[in-house]
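One structure is given here, and the rest of the page talks about it.
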Amino acid sequence: FSSSGRTQKQVLDYVKEGGHKKVQFERKHSKIHSIRSLTAQPSEQHTEVPKQVSDSSSFAHGGDNDAAAVQSCRQGKELKASTEDTGQHKSPSLKKSPKEGRKVDGAVVSTVEEEEEAAKDKMQQNRPQSQQPSTGSLTGSPHLSELSINSQGGPSVANMSLSPNLSPDAKQSSPLISPLLNDPSCIRTDEEEEVKRKRFPTEKAYFIAKEVATTERTYLKDLEVITSWFQSAVSKEDCMPETLKNLIFSNFEPLHKFHTGFLKEIEQRLALWEGRSNAHIKGDYQRIGDVMLKNIQSMKQLTVHLWKHDEILIELENGIKNSRKLETFCRDFELQKVCYLPLNTFLLRPLHRLMHYKQIMERLCKYYPPSHIDFRDSRAALAEVSEMVVQLHGNMIKMENFQKLHELKKDLIGIDNLVIPGREFIRLGSLSKLSGKGLQQRMFFLFNDILLYTSRGLTASNQFKVHGHLPLYGMTIEESEEEWGVPHCITLRGQHQSIVVAASTRSEMDKWTEDLQMAIDLSEKSSGPAPELLASSPPDNKSPDETTVDQESEDDLSASRTSLERQSPHRGNTTVHVCWHRNTSVSMIDFSIAVEHQLSGNLLRKFKNSNGWQKLWVVFTNFCMFFYKSHQDNHPLASLPLLGYSLTIPSEAENIHKDYVFKLHFKSHVYYFRAESEYTFERWMEVIRSATSSASRARALSHKEPHAY
């Protein structure tokens, strides 16, 4: 039991309940030695993270710690060993050493589309393939950098051998996937899942409480990006003034300390709820409201730190503006795989988390009848956190706009003063612009005073070059489909220039027209025309870049294939780039909804052409699913941006025949995900729908209304 990640009592309970009868195979003992050698080392990656009390259960009901993951992986391998012929045991996928897995882990974050393609190739070809990672295709990813460090915090040897400065010719010829995410030997059996499913609570309140725990784990990891990873990197470089260091870390460290204790309390309560304690006292612990009330009241003592977050964000951006050294340092840190979102997004996480507590407590209070033992504490906790949200909400809205302007500034070149007082971001997205050369794809950025249009040219920095701008003051919008013979087409007439643009669909054009008209009305009420914006962009009809629009395929979400040779790396999978490739748009309201719709937890994933289900820890945030092997991992192994994807339920013809399964598809890419319960299934559907069906302004303002699946 010492190597299984369970206590002796848990193993005895497991045996008493007949769990040991699941694996009734004679041949596994002859192969168990080699299998253990494969699974023993990966858990070393997480030795610095203490095992949590509530993690001894498996997939669907809380088996989240690394030891349990390794154990389930080991069981999967034993089951597979008993049913496969001996020839397959020699395939590279089962012979990978943990060091190889860590090498991939330390160098590449793949997109799931590429994993899917590789899985497809693997099924079509029966010959062995090397699983060594390629570094050629994904180096536009923000997670690939020579500054990357491994999970122990030291220099990563893997990154030295897979340096982004390698020429494309030096890359490996194998499929660009993470073996850790695609190892068929870790696919769990359905019988194993059903046994686990029957052993744990099924009431909705339990799963609501469990959502508190799973999302708190992600929140704590996000805090550690600042308090651990960023602070460690800052301490090694003399690039940040002491006053700024003190401002950031003195306000984040108390939050990290508090939420570490909070998570421990929640997980201990879940362990009691699940019955991993004395049965006669179990009934007193099947609730979460008392724990939430106690900790939310304690959080009120920390609001002094939350009020400082706007100052932190402003001072950091001012420091970056005034110091080239700090700017380079922050850009390089963002390229590390642990910084899976823009750096300044992590600075707003504490404000966002309060909203999540409020939503969770609202669901709990709605579920409980007034006579329930937990109702009173839950309602009191909801009142307390609602008061904090109201106090900080205005500050958060202001900071989100400030953060978004600075994030967009990094994606654009040819701009002097994008961030000015009073400017508000409204919508960004891909539209086709009519010119002398026909319709050409352009990226448009709408603010409350100006409309920018840009192209993704053959620039070394992977940014969007501004071609021109139209002040909204005095602008008119005209329908012009008949005039130009182009579907979903409008003419924007400014005081000095007019342009003709077309959207990919009628709904996209309706969203643009709605937001443009609103912004024009706002600009008419303001003091007058916007200040001069551009640095030195030539007039649109003479722009030398008009014919150099980069016609990359939509699947290449991680920037150009020659990005290994870049002198100035830049995040290649931002929302702007995803909108460009998926030919869609998002608004500031969509971003605000996305902040509210964040979720973490275990899901089982299946590709369209694969046979088994694979257990993954999934974090959904910023319109994107991030995939981890375990919740203890410090960075994602792959990601799937969901803008443009469709969310549906599998049809009978797809032969899934499992409960709580949803389907994501975009063009030829199809993925199935399986949740643990009806509640978690509905929650995943709810949050993913917020990203896959970008709303119009009218619908977004009432986004809490129920939707049909």
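With respect to Ser646, determine if the residue is assigned by the TED database to the domain that holds Phe623, open to solvent by 20 Å² or more (accessible area, probe 1.4 Å) and touching a His at 6+ places or on another chain (Cβ under 7 Å). I'd like the intermediate steps shown before the answer.
Details: assigned by the TED database to the domain that holds Phe623: yes; open to solvent by 20 Å² or more (accessible area, probe 1.4 Å): yes; touching a His at 6+ places or on another chain (Cβ under 7 Å): yes.
Taking the combined requirement at face value, the residue satisfies it.
Mind listing whichever residues of region 666-680 are open to solvent by 10 Å² or more (accessible area, probe 1.4 Å) and farther than 20 Å from His597 by Cβ?
Lys667, Ser668, Val670, Tyr672
Among (1) at pLDDT below 95; (2) closer than 18 Å to Thr218 by Cβ; (3) surrounded by fewer than 21 Cβ atoms within 10 Å (Cβ to Cβ), where does Arg683 come up short?
Here Arg683 clears every test but (1).
On the basis of being out of contact with any Ser or Thr (no Cβ under 6 Å at 6 or more places or on another chain) and either open to solvent by 70 Å² or more (accessible area, probe 1.4 Å) or closer than 23 Å to Lys221 by Cα (or both), does Phe329 make the cut?
Details: out of contact with any Ser or Thr (no Cβ under 6 Å at 6 or more places or on another chain): yes; either open to solvent by 70 Å² or more (accessible area, probe 1.4 Å) or closer than 23 Å to Lys221 by Cα (or both): yes.
So Phe329 fits the description; yes.
Could you run through region 657-686 and say how many residues are in contact (Cβ under 8 Å) with a residue 40 or more places away in the chain and either in a loop (DSSP other than H, G, I, E, B) or touching a Cys at 6+ places or on another chain (Cβ under 6 Å) (or both)?
Summing the residues that are in contact (Cβ under 8 Å) with a residue 40 or more places away in the chain and either in a loop (DSSP other than H, G, I, E, B) or touching a Cys at 6+ places or on another chain (Cβ under 6 Å) (or both) in region 657-686 gives 5.
Only one of (1) in a helix (DSSP H, G or I); (2) more than 30 Å from Leu431 (Cβ to Cβ) is not met by Ser592, so which one is it?
Here Ser592 clears every test but (2).
Considering only strands (runs of 3 or more DSSP E) fully contained in region 376-484, which possess at least 2 residues that are under 30 Å from the mean Cα position of the chain (by Cα)? First the steps, then the outcome.
Details: elements: 425-435, 438-447, 450-455, 464-471, 476-479.
So the answer is 425-435, 438-447, 450-455, 464-471.
From the residues in region 360-383 that are among the hydrophobic types (A, V, I, L, M, F, W, C) and over 18 Å from Glu682 (Cα atoms), which one is most open to solvent (accessible area, probe 1.4 Å)?
To start, the set of residues in region 360-383 that are among the hydrophobic types (A, V, I, L, M, F, W, C) comprises 360-361, 364-365, 373, 375, 380-383.
From what's left, over 18 Å from Glu682 (Cα atoms): 373, 375, 380-383.
Working: Ile373: 113, Phe375: 28, Ala380: 38, Ala381: 0, Leu382: 32, Ala383: 61 Å².
Here the residue is Ile373.
Conditions tested, residue by residue: (1) under 17 Å from His352 (Cα atoms); (2) under 23 Å from the mean Cα position of the chain (by Cα); (3) in a helix (DSSP H, G or I).
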site	(1), (2), (3)
Asp222	yes, yes, yes
Ser228	no, yes, yes
Thr243	no, no, yes
Asn246	no, no, yes
Asn251	yes, no, yes
Thr260	no, yes, yes
Lys264	no, no, yes
Leu270	no, no, yes
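I'm told Leu446 meets every condition in (1) touching a Pro at 6+ places or on another chain (Cβ under 6 Å); (2) at pLDDT 95 or above except one. Can you identify the failing condition by its number?
It is condition (1) that Leu446 fails.
Looking at (1) open to solvent by 10 Å² or more (accessible area, probe 1.4 Å); (2) farther than 26 Å from Glu362 by Cβ; (3) in a loop (DSSP other than H, G, I, E, B), which one does Gln614 not meet, given that it meets all the others?
Among (1) open to solvent by 10 Å² or more (accessible area, probe 1.4 Å); (2) farther than 26 Å from Glu362 by Cβ; (3) in a loop (DSSP other than H, G, I, E, B), the lone unmet condition for Gln614 is (3).
Considering every residue within region 424-442, establish whether at least one is touching a Cys at 6+ places or on another chain (Cβ under 7 Å) and of a type in the set (S, T, N, Q). Working first, answer last.
Filtering region 424-442 down to residues touching a Cys at 6+ places or on another chain (Cβ under 7 Å) leaves 428-430.
From what's left, of a type in the set (S, T, N, Q): 430.
Scanning region 424-442, I find at least one residue that is touching a Cys at 6+ places or on another chain (Cβ under 7 Å) and of a type in the set (S, T, N, Q), so the answer is yes.
For every residue, the table says whether it meets (1) assigned by the TED database to the domain that holds Pro342; (2) closer than 30 Å to Trp229 by Cα; (3) modelled with pLDDT of 95 or more.
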position	(1), (2), (3)
Asn609	no, no, no
Phe620	no, yes, yes
Phe626	no, yes, yes
Asn655	no, no, no
Lys658	no, no, no
Phe662	no, no, yes
Tyr671	no, no, yes
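Go through (1) open to solvent by less than 30 Å² (accessible area, probe 1.4 Å); (2) in contact (Cβ under 8 Å) with a residue 40 or more places away in the chain; (3) among the aliphatic types (A, V, I, L, M) and name the single condition Ile314 misses.
Evaluating Ile314 over (1) open to solvent by less than 30 Å² (accessible area, probe 1.4 Å); (2) in contact (Cβ under 8 Å) with a residue 40 or more places away in the chain; (3) among the aliphatic types (A, V, I, L, M) leaves (1) as the failure.
For region 633-642, indicate whether the set of residues that are in contact with a Cys (Cβ under 6 Å, 6 or more places away or on another chain) and open to solvent by less than 20 Å² (accessible area, probe 1.4 Å) is non-empty. Break it down into steps so the answer makes sense when it comes.
At the first step, the residues of region 633-642 found to be in contact with a Cys (Cβ under 6 Å, 6 or more places away or on another chain) are 639, 641.
Those left that are additionally open to solvent by less than 20 Å² (accessible area, probe 1.4 Å): 639, 641.
Yes: region 633-642 contains one or more residues that are in contact with a Cys (Cβ under 6 Å, 6 or more places away or on another chain) and open to solvent by less than 20 Å² (accessible area, probe 1.4 Å).
Restricting to region 385-401, name every residue that is open to solvent by 40 Å² or more (accessible area, probe 1.4 Å) and either touching a residue at least 12 places away in the same chain (Cβ under 8 Å) or over 20 Å from Val291 (Cβ atoms) (or both). Spell out how you get there, then give the answer.
As a first pass, look at region 385-401 and keep what is open to solvent by 40 Å² or more (accessible area, probe 1.4 Å): 387, 390-391, 393-394, 397-398.
If the condition is that a residue be open to solvent by 40 Å² or more (accessible area, probe 1.4 Å) and either touching a residue at least 12 places away in the same chain (Cβ under 8 Å) or over 20 Å from Val291 (Cβ atoms) (or both), then Val390, Gln391, His393, Gly394, Ile397, Lys398 are the ones that fit.
The values are calculated or read from the model by the stated rules, or taken from the named source; none is laboratory data. Fair warning: this is a prediction, and the values are worked out from it, not measured in the lab. Every residue, glycine among them, receives a Cβ derived from its backbone with ideal geometry; neighbour counts consider all protein chains shown. What goes into the accessible areas is simple: the full protein's heavy atoms, side chains included, and nothing from ligands, DNA or RNA. Shrake-Rupley method; radii C 1.70, N 1.55, O 1.52, S 1.80 Å.
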